[in-house]
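Please read the structure below before turning to the comments.
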Amino acid sequence: MQNFRDYYEILGIARDASAEEIKKVYRRLARQYHPDLNPGNKAAEEKFKDIGEAYEVLSDPSRRSQYDQFSNFWNRRGFLNRNVRQPKTWDNRTNGDRTSTQDFDFSQFGDFNNFVDQLLGRRKESRVATAAPPPSSNKGISADAFRPGSTKTTYTISARANRKDIEARLTLPLEKAYTGGLERIRLEDGRSLEVNMPGGMVTDQRIRLKGQGVEGGDLYLIITVLSHPFYQLEGADILCHVPITPSEAVLGGQVQVPTLDGRVKMTIPPGVKSGQRLRLANKGYPGDDGERGDQLVEIQILVPKNPSLRERELYEKLRQIETFNPRADLPV
């Protein structure tokens, strides 16, 4: 059969390998060929995909059994000729003293990929099953009415019968949560996904990745935004503390303030007080409605710990001539 892949050979294991051995070998190979450890290596990336597909089949006892039975016939004479529709024995099972045989026509699969698609539930399939019509009574009904195969009913088997949604946590710095963009995430099952994340993410936000769960289910990323040493979120507003000198506080002027969009110039009014908040409009965080909040700049007036000799002289002259007394209005 075209495209046939020997999953045992891909993992380098014997056909009678145990489930524990399969898992151990898979984890070792997945680490070895992981795209994050082999950047730009297309061969390693393809090997990683083959390893994942092999493990997905061989780690499931039911799928492994079907794969083993199917692979026994793939290279037999006439099997590659799709025009020859010869039923092959798919399975022989013993039920007590009774042996039942189920025939299967392998020629319905155009290539090995079609078989794998069905095996992994990647699409819906239609199977034909036989069943006898249920009798309404035992009178006037011949034995032929109960003969297996007397009627045929077509059933549609849902490929998503075992689908399962899963969750994974993703921790991001504030700057990345704000801008969004491509982010590579690694899941516990060894998969690595490159996801185009939205901008303006917040802690506990759930992002749905359709079809990336188990058996076609969905994957939900639970976002955690790390605390930032400078910015602090207050809803859609961002609070930050900006230090200024005593002369800047007295005289006012322009200072540069960091924002999530880069540094901007902000005008400090003369006589600003320590703890006073100034507002940078539309420089905050995107809200639920898509509108951005403001950046709140809290002023901190700091004094130099080790002023130079010249600065000390000037401060000394200023003290001699200044008329401002901050303790004049004490209530005691």
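Each value in this text was obtained by applying a stated rule to the coordinates, not by laboratory testing. Note that the structure is predicted; figures quoted are calculated from it, not measured. For neighbour counting, all protein chains shown are included, and Cβ atoms are generated from backbone atoms with ideal geometry for every residue, glycine included.
List of remarks:
- Per DSSP, loop GluC sites (Glu not before Pro) in the stretch 167-213 with at most 12 further Cβ within 10 Å: GLU188
- Annotation: amide H-H contacts under 5 Å for GLN205 (H modelled 1.01 Å from N, sequence separation of 5 or more, or interchain): ILE223.
- Nonlocal amide H pairs with HIS34, under 5 Å, H built at 1.01 Å: none
- Candidates per trypsin sites (Lys or Arg not before Pro) in the stretch 255-332, loop by DSSP, up to 14 other Cβ within 10 Å: LYS273, LYS305, ARG327
- Directionally averaged projected area (convex hull, Cα atoms, the stretch 232-321), nm²: 6.8 nm²
- If you take all other residues with their beta carbon under 10 Å from the beta carbon of SER71, and give Lys and Arg +1 and Asp and Glu -1, the sum is 0.
- Partners of LYS23 within straight-line reach, counting aspartates and glutamates whose Cα lies under 16 Å from its Cα and excluding those fewer than 8 residues away in the same chain: GLU9, ASP50, GLU53, GLU56, ASP60, GLU188, ASP189.
- In the stretch 248-307, GluC sites (Glu not before Pro) in a DSSP loop with at most 14 other beta-carbon atoms within 10 Å: GLU291
- Taking Cβ atoms as reference points and 12 Å as the exclusive limit, the residues near ASP261 contribute a net charge of +2, counting Lys and Arg as +1 and Asp and Glu as -1.
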